Each structure stands twice: as structure tokens, then as C-alpha cells.
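Enquirer: My questions will all concern the structure given below.
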Amino acid sequence: MMQASGPSREPGRHGYFITLEGGEGGGKSTQARILSNRLAGLGYDTLLTREPGGSPGAERLRDVLLSGAVAPLGPAAEAIVFSAARIDHLDKTIRPALAQGAVVICDRFADSTRAYQGALGNLDPRLILTLEAVTVGPTRPDLTLVLDLPADEGLDRANRRRTDGPVDRFEAENLAFHQGLRQTFLDIAAAEPDRCMVIDARRSPEDVSEAIWAIVEPRLKSALQPARGLPSNVIPLASSRRTPEVS
Ligand code: Z5A
């Protein structure tokens, strides 16, 4: 069990919160898995999770969102449903794990709402900021890894991965949408350079994972130190867990 240090952390957060973001097919799920396995191998408590989803209630909303059933209601409605899923995910999965000292690795999070529904959906930024304040509050990621590659390469990868299933609601958008998405994630990273690191995702999975490790390792070392003792109400976690949906 590790314990977080640092002056400006969320009260009760003893772990470390890492999110992976970016456009389609950038390798987020692949890299989230590699990072989680690497950290678990080093003895870190890790929790690998994803959005939309990551808790039973949020997984049900995931099915609805990716089916496209909410799309006709417009981007504001979609942003609200993604946020509803996030509330459940944070309450049931992320915050308890952070309170217990885990490294939480989440495949997509609130930056995806900013990008997909906010920028690409032309929503008033004040709505996105308000939703984020209500849903995420102080549980902001410590580190966000933005996996960046040209939109056409990402779509090619996603197409190759798909065997015979249908495209989901977002994969079905055109190339211009995905190019705008890439730029939006780069803009988010530029606006928050302390939190966000952009990774060139055109390289091999092994090279990308080494680039990620070079960023994560020193940050974790300075943020987490061995716990001196756990409060009596904290149950130590197994060394590595995944929300069932990403197992
Ligand atoms: N969404 C939203 O609109 N608002 C929100 O608030 C949130 C989400 C949270 C979730 O879809 C959708 O919800 C998503 C945004 C929207 N849009 N879409 N579509 P999802 O969870 O089903 O999938 P995704 O998050 O979009 O994942 P992805 O972009 O499709 O893939 P990825 O995770 O980035 O990549 P991957 O699955 O690891 O790899 C893709 C393929 O490339 C696979 O065959 C790999 O073997 C291959 N790969 C991976 N890395 C490499 C490298 N380095 N080289 C070559 N090939 C590679």
C-alpha cells in the first residue's frame, strides 16, 4: 500500500489518478493494460477501469450511449448522460480506490466529454465546465496521457481491429470530425501542461509504452511514498484489479 504526498491533493486521496485520452485508435486501451500490468508487477495496487463504464450502473449507460440512442437528443443530452455515468463510476469505483491508495488507470475520462460533446458538439463551454464541476469536483486526474496520431491512421487501426461488428456511434463520424477531435485533445493538453502529456502514438506499442513509463515512473515516485500505517477502516487491496468490464 502506498500513500500520496503533496500539498494540493484532494482530501482523502491517497492514491494516484492517471487517465488516457485521445482520438480513435490511438492505443489507449492497449497502453492502459500494459501500464497497469507493469505497475502491478512492481507491487503497486492498481485499478484499471474505463469510461463510459467502470461501474455496473455506468456500464448500463455505456450500452445506451454507444448504441447511438441518445445522439438524436443532441450533444447537451449526451454530455449529461456521460456525466451521469461518470458520477456512478467516481462514487462506486474511482474514489474508493483512490482513498485506499491505489493507482487508478482510467481509459478515457472528462477530457473526452470536453472534446466529443463540448468542442465537436459545439456546446457552450460553460455547460461543460459546470458539468465537470458537479461530476468530477476535486477528483481531477493527477496525470493525463494524450495518445496522439493522425486521425486517418487511428481510424485505420480501429477498422482493422473490428472484425464483423457494426461501427459505434462515434466511429461512424467522418474524417473531419476525427481531425477536429485530434486538435481538441492537443488544445486541452496545451492549456494544462502540468497535467497533460502528449505521446506520439504512431510508434510501436513497445516504444509508446516506454515513452509512457518515462513519464509515469518519476511522477509516481515523487507522489507516492510507502504508507506508515493505514487507518483502521481501510481494507488493503489486492495487488491488481480491473473493473470486470475491462478484464
Ligand atoms: N466518449 C464520449 O463521447 N464522451 C465521453 O465523455 C467519453 C467517451 C468518456 C467510447 O468508445 C466512445 O465514447 C469513444 C468516445 C466516446 N468514441 N468512440 N468511438 P470505446 O470505449 O469503445 O472505444 P475508444 O475509447 O474510442 O477506443 P478506441 O479509440 O477505439 O481505441 P484505443 O483504445 O485508443 O486503441 P486500442 O483499442 O488499444 O487499439 C486499437 C487497435 O490498434 C487495436 O487493434 C490494437 O491492437 C492496435 N494498436 C494499438 N497500439 C498500436 C500501435 N502502437 N501500433 C499499431 N497498432 C496498434
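Enquirer: If I model the stretch 16-230 as equal point scatterers sitting on the Cα atoms and use the Debye formula, what is log10 I(q)/I(0) at q = 0.10, 0.13 Å⁻¹?
Expert: After summing over all Cα pairs, the log10 values are -0.42, -0.73.
Enquirer: I would also like to ask the following. Taking the Cα centre of each part, how many Å lie between the stretch 48-63 and the stretch 190-227?
Expert: Using only Cα atoms to place each centre, the spacing works out to 25 Å.
Enquirer: Have a look at ALA151, ALA190, ALA211 and report the one farthest towards the positive end of the charge dipole of the chain, computed about the Cα centre with Cβ charges (Lys/Arg +1, Asp/Glu -1).
Expert: Going by the charge dipole, the pick is ALA211.
Enquirer: Could you point to the residue in PHE170, PRO138, ALA79 farthest towards the positive end of the chain's charge dipole, with +1 and -1 charges on the Cβ of Lys/Arg and Asp/Glu respectively?
Expert: Checking the options against the dipole of the chain, the answer is PRO138.
Enquirer: Would you be so kind as to identify which of PRO125, GLY25, GLY53 lies farthest towards the positive end of the dipole of the chain, taking Lys and Arg as +1 and Asp and Glu as -1 on Cβ and the Cα centre as origin?
Expert: About the Cα centre, the residue reaching furthest to the positive side is GLY53.
Enquirer: Give me P(r) over the stretch 118-168, computed from all C-alpha to C-alpha distances, binned every 10 Å, as integer percentages.
Expert: 18, 27, 34, 21, 0
Enquirer: Let me check against my output: what whole-number percent is the relative contact order of the stretch 73-138, with C-alpha pairs under 8 Å and at least 6 apart?
Expert: 50
Enquirer: Taking the Cα atoms only, what angle lies between the long axis of helix 56-67 and the longest principal axis of the chain, rounded to 10 degrees?
Expert: That helix lies at roughly 20 degrees to the long axis.
Enquirer: Same structure, new question: Between THR46 and residues 5 or more places away or on another chain, which pairs have amide H atoms under 5 Å apart, with H built 1.01 Å from N, and which residues are they?
Expert: Here the answer is VAL103, SER240, ARG241, since their amide H atoms fall under 5 Å of that of THR46.
Enquirer: Okay, helix-only estimate at 222 nm for the chain: each DSSP H run of n ≥ 4 adds -39500 (n - 2.57), divide by all residues, round to 500 deg cm²/dmol; what do you get?
Expert: Roughly -13500 deg cm²/dmol at 222 nm, from the helical runs in the chain.
Enquirer: Tilt of helix 151-161 relative to the longest C-alpha principal axis of the chain, in degrees (0 to 90, nearest 10)?
Expert: Rounded to the nearest ten degrees, it is 80.
Enquirer: On to the next question. Using only Cα atoms, tell me the angle between helix 28-41 and the longest principal axis of the chain; keep it within 0 to 90° and round to the nearest 10.
Expert: It is inclined by approximately 10 degrees.
Enquirer: While we're looking at this one, here's another question. With N denoting the number of residues in the stretch 1-94, provide Rg(C-alpha) divided by 2.2 N^0.38 Å, to two decimal places.
Expert: 1.26
Enquirer: I would also like to ask the following. Using mean Cβ contacts within 10 Å as the protection proxy, how do 111-119, 179-187 order, highest first? Present the calculation step by step, with values, prior to reporting the outcome.
Expert: Details: 111-119: 23.8, 179-187: 17.4.
Packing proxy ranking, top to bottom: 111-119, 179-187.
Enquirer: How much length would be gained if the chain were fully extended between LEU186 and LEU73, taking 0.36 nm per residue of separation minus their Cα-Cα distance, in nm to one decimal? Working shown, then result.
Expert: Details: separation 113, 0.36 × 113 = 40.68 nm, distance 2.78 nm.
Stretched out fully, the LEU186 to LEU73 stretch lengthens by 37.9 nm.
Enquirer: In terms of solvent-accessible area of protein heavy atoms at a 1.4 angstrom probe, what is the ranking of SER36, SER29, highest value first?
Expert: These residues rank, largest area first, as SER29, SER36.
Enquirer: Could you check how many percent of all C-alpha pairs in the stretch 105-235 are farther apart than 18 Å?
Expert: Cα-Cα pairs in the stretch 105-235 separated by more than 18 Å: 65 percent.
Enquirer: While we're here: Magnitude of the Cβ-charge dipole of the stretch 16-230, K/R +1 and D/E -1, about the Cα centre, nearest 20 debye? Mind dumping the intermediate values first?
Expert: On the way: 25 positive and 30 negative charges, 112 e Å.
In debye, rounded to 20, the stretch 16-230 gives about 540.
Enquirer: Find how much the distance from ASP200 to ASN37 grows on full extension, using 0.36 nm per residue of separation minus their present alpha carbon separation; answer in nm with one decimal.
Expert: 56.6 nm
Enquirer: Can I ask one more? Hey, what did the stretch 16-230 get for relative contact order, percent, Cα under 8 Å, at least 6 apart?
Expert: 32
The values are calculated or read from the model by the stated rules, or taken from the named source; none is laboratory data. Since the structure is predicted, the reported quantities are computational estimates derived from the model, not experimental observations. Because the Cβ atoms are built from the backbone with ideal geometry, glycine has one as well, and the counts that use them run over all protein chains shown. The area values use the complete protein model at the heavy-atom level, side chains included, leaving out ligands, DNA and RNA. Shrake-Rupley method; radii C 1.70, N 1.55, O 1.52, S 1.80 Å.
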